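One structure is given here, and the rest of the page talks about it.
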Amino acid sequence: MFGDYIMARFIPIAKPVIGDEEVDLVVKVLRSGRLAQGPMVREFEERFAEYIGVDYAIAVSNGTCALDLMLKAYGIKSGDEVITTPFTFIATANAILYQGAKPVFVDIDLETYNIDPDRVLEAITSKTKAILVVHLYGHPAEMKALREIAEDHKLLLLEDAAQAHGAEYMGVKVGALGNAAAFSFYPTKNITTGEGGMITTNDRSVAEKLRILRDQGQQGKYNHVVLGYNYRMTEIQAAIGIAQLGKIEKFLKAREANAEFLTRNLKKIPYITTPSKKPYVRHAWHQYVIRVKENSPLKRDYIAETLKNMGIQTAIHYPKPVHHQPLYRSLGYPQNICPNAIKASKTVLSIPVHPALTVEDLNYIVNSIIKLFEKHIE
Ligand SMILES: Cc1ncc(COP(=O)(O)O)c(C=O)c1O
């Protein structure tokens, strides 16, 4: 009996929280007969722009499209270099390759896992056009220093905010900190639309270009002025997004409380590093990521496997830095660059922090991890 109970327990690493509001709005769309981009998308864009604190938000099919169009709208092209982090989801760097441009990888700061501004300077060449930062796990990148570098060298400062809806840096929301930002609404993200993406900017001409590019390059019906794409969001996606945006503060507060609980309990274990948060940021806690120290008697992969057997799903974000991915290896990237990113990829472990966790789940997670280490702690 007890064994059955243990086997039946499963705490996922991520879980979208969908309620009656999403269902009702989707049904409204289905009954309306208008399924492709229309008034719901417009409303979602307006509400998202207001939430982030920017003039324009342009909805697209997913976060990868958002990154791709953002770079296209700024004219990033073959021969250009874009500085970015290798410790991210592959889509960040791939969006640079889509333009025929070259991702230039700069190592991370091991405290926040974000690009280290001190190393950005060394990577700037006459071909550098932009810095594409990632607010990894929901912790904003060091935007003050990065903005100074971008201004001094006349570079664009672009944000991959796919993991950081609602995060703030010195009181300003991510998505409003650079020239433009790309968001994702994939189901694991802080708010979801199933699949979906958004670009935010205060630049009117860029917003106009983005609207044209996402819709077959049309400026007016069947008047195609540039090579465009079908990157449109559907009304169904936007309906889910509107309902989710209405709950984002509730979700963020739950993530914050869960992260605090995890840190309070897990910091007692001397073999793991709990995540840190700079005092001047609001962390969106998309992921709660611990690092297993070198002197730990239990290795990261063993911990992950044992927790899985106990019904706790964990994840590794990311097991390889981008320059170690076969694609990038084949492009000739040296494998010994960015040692901090390599170190992080070998030692990080994401633990569930999402808003659907119950108090019982949280207690079970910390007790299970503490129990694992128990015989190794005095
Ligand atoms: C940092 C980062 N960039 C880009 C993306 C791509 O977003 P999508 O999956 O919506 O295409 C994701 C998430 O999947 C991400 O985590």
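The values are calculated or read from the model by the stated rules, or taken from the named source; none is laboratory data. In this text, all values refer to a predicted model and were calculated from it rather than measured experimentally. For neighbour counting, all protein chains shown are included, and Cβ atoms are generated from backbone atoms with ideal geometry for every residue, glycine included.
The table below lists the values:
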quantity: Count - residues of segment 166-223 that are assigned to a strand (DSSP E or B), within 16 Å of the ligand (Cβ to nearest atom) and over 18 Å from Gly75 (Cα atoms); calculated: 4
quantity: Residue pairs meeting the criteria (Cβ under 6 Å; at least 6 apart or on separate chains; first surrounded by fewer than 24 Cβ atoms within 10 Å (Cβ to Cβ), in segment 77-95; second hydroxyl-bearing (Ser, Thr, Tyr)); calculated: Glu81/Thr128; Ala91/Thr64
quantity: Given (1) among the β-branched types (Val, Ile, Thr); (2) touching a strand residue (DSSP E or B) at 6+ places or on another chain (Cβ under 8 Å); (3) outside the structural domain of Pro355 (by TED's automatic domain parsing), number of the condition Val292 does not satisfy; calculated: (3)
quantity: Candidate set: segment 62-75, residues that are over 14 Å from Gly178 (Cβ atoms) and more than 9 Å from the ligand (Cβ to nearest atom); chosen: the one surrounded by the fewest Cβ atoms within 10 Å (Cβ to Cβ); calculated: Gly75
quantity: Output for segment 111-164, where each listed residue is in contact (Cβ under 8 Å) with a residue 40 or more places away in the chain, within 16 Å of the ligand (Cβ to nearest atom) and either touching a strand residue (DSSP E or B) at 6+ places or on another chain (Cβ under 6 Å) or assigned to a helix (DSSP H, G or I) (or both); calculated: Ala130, Ile131, Leu132, Val133, Val134, Leu136, Tyr137, Gly138, Pro140, Leu158, Asp160, Ala162
quantity: Single unsatisfied condition, Gly228 versus (1) buried (at least 22 other Cβ atoms within 10 Å of the Cβ); (2) touching a helix residue (DSSP H, G or I) at 6+ places or on another chain (Cβ under 6 Å); calculated: (1)
quantity: Test: residue in segment 41-58 that is within 16 Å of the ligand (Cβ to nearest atom), assigned to a loop (DSSP other than H, G, I, E, B) and of a type in the set (Gly, Ala, Ser); calculated: no
quantity: Qualifying residue in segment 313-325 (condition: part of a helix (DSSP H, G or I), surrounded by fewer than 17 Cβ atoms within 10 Å (Cβ to Cβ) and not assigned by TED's automatic domain parsing to the domain that holds Phe105); calculated: no
quantity: Evaluation of Thr92 against (1) more than 19 Å from the chain's Cα centre (by Cα); (2) part of a helix (DSSP H, G or I) (one fails), failing number; calculated: (1)
quantity: Residue in segment 135-148 that is surrounded by fewer than 19 Cβ atoms within 10 Å (Cβ to Cβ), touching a helix residue (DSSP H, G or I) at 6+ places or on another chain (Cβ under 8 Å), modelled with pLDDT of 95 or more and more than 30 Å from Leu227 (Cα to Cα) present; calculated: yes
quantity: Residue pairs meeting the criteria (Cβ under 8 Å; at least 6 apart or on separate chains; first not assigned by TED's automatic domain parsing to the domain that holds Ala59, in segment 205-222; second modelled with pLDDT of 95 or more); calculated: none
quantity: Some residue of segment 32-40 being touching a helix residue (DSSP H, G or I) at 6+ places or on another chain (Cβ under 6 Å) and either modelled with pLDDT under 95 or buried (at least 22 other Cβ atoms within 10 Å of the Cβ) (or both); calculated: yes
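Yes/no matrix, rows are residues, columns are (1) farther than 25 Å from Tyr169 by Cα; (2) within 20 Å of the chain's Cα centre (by Cα):
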position: Ile13; (1), (2): yes, yes
position: Pro39; (1), (2): yes, no
position: Glu43; (1), (2): yes, no
position: Ser78; (1), (2): yes, no
position: Thr88; (1), (2): no, yes
position: Gly100; (1), (2): yes, no
position: Phe105; (1), (2): no, yes
